[in-house]
């Protein structure tokens, strides 16, 4: 959901900015119903068939931005119902994280193959001849498909000389690499949470903006305004997210203007992960285990745990860059609260894990961050900055791009154990990650270091990002090259013996 989904992007940012404004200015949440009319004034609908529906959907978005549950049409009430559960200055979470707003879903048809008006009813009718199920019938105006017989093999699509046959699939389901999207009795999308790994692809791909995740920005801001000491740790993909003219140091300064005491690059934690995974591969593969999977992508890790539980112990037990960076902050600042800022919504679930929750107190995305900037009228490109950033190595900063993790670990292995043989393979997008693990299960990836990234392009393609892939990839690469540390082993901020 990048530039081409601009209307949905604007609505999401408008919601985040409204919730952030209420938190900063201590506006009572029991007046939240008024915000719906302020944000959608007048009597005419702009995006949907009814202004009442627009306002109802917006109300549920406001609730999700507070961390409240989404409701269906049968359970509607005041937008602020249940606010006592979330009007707090610490993280609150009640599952699920990713939610379909039922009455925002337009019940898109599920996967099917259809013949368009371009059919010429040709004499050869190769579509019919190619169909192994006998599902194509030739009628007076052209071919039609018997949907009850169609097995969706696609052979008719390839056979048609006029490209008159198309395959249709609802966007959210097509984007889900773990097949977690189902339908309710009204044919509206539902999520199978036993399969879902909270990658957020469905949020990005729904053209009706019917799917959203719960936010923690309200509780974070209340913690800031209650004078708690807040440190931010920001993921490597932050570079290039806030405008082509905005420098990384300006983004850091803008975050501090929100009431944050200090900002640390998560790339520093990536350097720790690199060293530990390099040692782990060197010590374990292939003598003790057939392959090693990288650990940094929580959705990839969750997918392996759910779909390939017998292989999950081959995923590195190294902590992720988020965890290591938070531990780094709290080592010298034990009373501080740490907020992770990044492109990923599944990090909100990772931060709830027993071994993580005492280190990471809040998680927000870049999209939520820009809502906070809007509430405080902060423009990062206007910040005056006279400091450089030097938390991490070139390869640590490269974690943001698909292949960057494996590349970093491979280079570290060559430094630690030059004689060690290593073969790497990377997969981006959950569907490709599933294929990679099927190959590993079949024994075809023995001796490999396997990198899994749930998002296309890596972290720079995450659901909480703001900018196009190509631009961000270029900016991350440029910023990485400015590091004074060519290797994690040179980073003097680390204790490389810690794991």
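Worth a mention:
- Estimated from the Cβ-Cβ distance and a Förster radius of 51 angstrom, the FRET efficiency linking residue 377 and residue 183 is about 0.75.
- Relative packing of 214-222, 473-481, which averages over residues the other C-beta atoms within 10 Å, highest first: 214-222, 473-481
- Put simply, when 441-451, 68-78 are sorted by average Cβ atoms within 10 angstrom per residue, most first, you get 441-451, 68-78.
- Relative contact order for the stretch 112-168, counting Cα pairs under 8 Å that sit 6 or more residues apart, in percent: 49
- For the chain, adding -39500 (n - 2.57) for each run of n ≥ 4 DSSP H residues and dividing by the number of residues yields -10500 deg cm²/dmol at 222 nm.
- Pairwise Cα inverse-distance average, inverted: Kirkwood Rh of the stretch 219-279 (Å): 13.1
- Those residues of the stretch 126-146 whose amide nitrogen sits under 18 Å from the label point placed on residue 118, 7 Å along Cα→Cβ: 126-128, 142-145
- Net length available on complete extension from residue 90 to residue 37 is 16.2 nm, with 0.36 nm assigned per residue and the Cα-Cα distance removed.
- Backbone N within the stretch 276-304 under 16 Å of label point (7 Å from residue 313 Cα along the Cβ vector): 284-285, 287-293
- At R0 = 41 Å, FRET efficiency that the Cβ-Cβ distance of residue 384 and residue 355 yields, to 0.05: 0.55
- By the beta-carbon count within 10 Å of each Cβ, the least crowded to most crowded order of 225, 294, fewest first, is 225, 294.
- Relative frequency of Cα-Cα separations exceeding 22 Å in the stretch 84-189, percent: 50
- Gyration tensor (alpha-carbon) shape descriptor, the stretch 246-381, a/c threshold 1.5: prolate
- Cα gyration tensor category, rounded, prolate or oblate, for the stretch 202-251 with a/c compared to 1.5: oblate
- Estimated Rh, the stretch 112-168: Kirkwood, alpha-carbon pairs, angstrom: 10.9
- Residue order, fewest to most surrounding Cβ atoms within 10 angstrom, among 257, 272: 257, 272
- Note on residue 111 and residue 417: their simple-model spin labels are 4.1 nm apart, each label 7 Å out from Cα toward Cβ.
- Listed peptides 81-89, 404-412, 117-125 by packing density, highest first (mean Cβ within 10 Å): 404-412, 81-89, 117-125
- In terms of its C-alpha gyration tensor, the chain has an oblate overall shape, because the principal axis ratio a/c (a ≥ b ≥ c, square roots of the eigenvalues) is not below 1.5 and a/b does not outweigh b/c.
- Placing pseudo-labels 7 Å out from each Cα toward the beta carbon at residue 128 and residue 438 gives an inter-label distance of 3.4 nm.
- Relative contact order for the chain, counting Cα pairs under 8 Å that sit 6 or more residues apart, in percent: 18
- Sorted by Cβ neighbour density within 10 Å, fewest at the top, the residues 39, 292: 39, 292
- A P(r) calculated from all alpha carbon pairs of the stretch 346-397, with 10 Å bins opening at zero, reads 19, 25, 44, 12, 0 percent.
Computed from the coordinates by the stated procedures, all read-outs in this text should not be read as laboratory data. No experiment lies behind these values; they were computed from the predicted model shown. Backbone-built Cβ (ideal geometry, glycine too); neighbour counts: all protein chains shown.
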